Amino acid sequence: MKCRGRRLKSCCCCVDLRAGCFFLAIFEMFTAVLGLMVGEGSRLLLIGRFAYMLHLIGSLFLLMSCFWQIEILVVIYLGANIFHLIFCTAFLIDYALSCHFCVFEVIPSCVTLVSSIYFWMVAFAYLRRLQWMHNPEIDD
């Protein structure tokens, strides 16, 4: 069965999905480490830290998937990224409302959250390509 929708075939319009996922995983690991340092005075600090830690582990699984091309590692990343998007958004909203001078912490974190949506789409396209590579009968 053919998929009639558009597919993402490259990352950032010029990089192969596998290489793009590699660089995105490195970038997201870096931003997750920075996210662990944000929001010392928030009421939802524990939830935010847990979400960033889970995202760091998910990004590490995406990085390993770029080397070994194992589908389940990408699925773990996708799940961790969804958890990260939901709970870190709540954490950042709570932190922004409770802190009046935290613009320099919240704005970069919001930019990384928005870019995480695109990174999720790239990883999902990479998962679809891995599924096709391992089962050529699936014709997307």
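The values are calculated or read from the model by the stated rules, or taken from the named source; none is laboratory data. The shown structure was predicted, so the numbers you read here are calculated from the model rather than taken from an experiment. Because the Cβ atoms are built from the backbone with ideal geometry, glycine has one as well, and the counts that use them run over all protein chains shown.
Data for the structure
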read-out	value
Meets criteria (over 17 Å from the mean Cα position of the chain (by Cα), farther than 17 Å from Glu71 by Cβ and of a type in the set (Asp, Glu)) for Glu137	no
Residues satisfying the stated conditions in segment 71-101, i.e. in contact (Cβ under 8 Å) with a residue 24 or more places away in the chain and not in a helix (DSSP H, G or I)	Cys99
Test set (1) over 10 Å from the mean Cα position of the chain (by Cα); (2) of a type outside the set (Gly, Ala, Ser); (3) surrounded by fewer than 17 Cβ atoms within 10 Å (Cβ to Cβ); (4) closer than 20 Å to Arg18 by Cβ - Tyr118 fails condition number	(1)
Some residue of segment 7-22 being modelled with pLDDT of 90 or more, of a type outside the set (Lys, Arg) and either touching a Ser or Thr at 6+ places or on another chain (Cβ under 9 Å) or in a helix (DSSP H, G or I) (or both)	yes
Number of the condition not met by Ala96 [criteria: (1) within 17 Å of Ala32 (Cα to Cα); (2) in contact with a helix residue (DSSP H, G or I) (Cβ under 6 Å, 6 or more places away or on another chain)]	(1)
Hits in segment 46-74 (condition: crowded, with 18+ Cβ neighbours inside 10 Å and of a type in the set (Val, Ile, Thr))	Val74
Neighbours by Cβ (under 6 Å, 6+ apart or cross-chain): first from segment 47-63, β-branched (Val, Ile, Thr); second buried (at least 24 other Cβ atoms within 10 Å of the Cβ)	Ile47/Phe91
